[in-house]
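> Handing you this structure, nothing more for now.
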Amino acid sequence: MSKETIKVILKRPGEKAFTTEIPNTLEALQNEVGGYIEVTQPFEDAAIICNEEGRLLGLPPNVRYGPEFYVGPILIVGVDGEEFTDCPGDHDNVITYLNRSAEAYGLL
């Protein structure tokens, strides 16, 4: 059974990343990224959620994370099987990485 709310890392274009808590619903996830969600899972226990049509919609560039360059807002969430959960690990390290990546590309 999924949790009612989850702790996520939210990174919006032009803003620093931060930790927040959101309802664990499809509607809330879509609201945060501004449309249909796309999920990439670069780690076994975490996923990045972005707007599926972000590039087509011309959303502003946000951040490079690993090999991917994301546009529009992104969420980093935990994954347990097919359920989204609290973002795992050291949030401060992930937030620092996201902010430095955005700064390196002149996006902050």
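> So residue 22 passes all but one of these: (1) assigned to a strand (DSSP E or B); (2) touching a helix residue (DSSP H, G or I) at 6+ places or on another chain (Cβ under 6 Å); (3) under 18 Å from residue 97 (Cα atoms). Which condition number does it fail?
That leaves (3) as the condition not met.
> Can you say whether residue 103 is farther than 14 Å from residue 18 by Cα, of a type in the set (Asp, Glu) and touching a Cys at 6+ places or on another chain (Cβ under 9 Å), as far as the supplied structure shows? Break it down stepwise before answering.
Details: farther than 14 Å from residue 18 by Cα: yes; of a type in the set (Asp, Glu): yes; touching a Cys at 6+ places or on another chain (Cβ under 9 Å): no.
It is false that residue 103 is farther than 14 Å from residue 18 by Cα, of a type in the set (Asp, Glu) and touching a Cys at 6+ places or on another chain (Cβ under 9 Å).
> Are any residues in the stretch 72-108 surrounded by fewer than 19 Cβ atoms within 10 Å (Cβ to Cβ) and of a type in the set (A, V, I, L, M, F, W, C), and if so, which ones?
Within the stretch 72-108, 79, 95, 104, 107, 108 meet the criteria.
> Sticking with this one: Output the number of residues of the stretch 5-57 satisfying the condition of being under 16 Å from residue 82 (Cα atoms), in contact (Cβ under 8 Å) with a residue 40 or more places away in the chain and surrounded by fewer than 16 Cβ atoms within 10 Å (Cβ to Cβ).
1
> Filter the stretch 58-71 down to the residues that are surrounded by fewer than 17 Cβ atoms within 10 Å (Cβ to Cβ) and at negative phi, then identify the one that is modelled with the highest pLDDT.
60
> Taking the criterion of being closer than 23 Å to residue 90 by Cβ, basic (Lys, Arg) and under 10 Å from the mean Cα position of the chain (by Cα), would at least one residue in the stretch 14-33 satisfy it?
no
The values are calculated or read from the model by the stated rules, or taken from the named source; none is laboratory data. All of these numbers come straight from a predicted model, not from anything done at the bench. For neighbour counting, all protein chains shown are included, and Cβ atoms are generated from backbone atoms with ideal geometry for every residue, glycine included.
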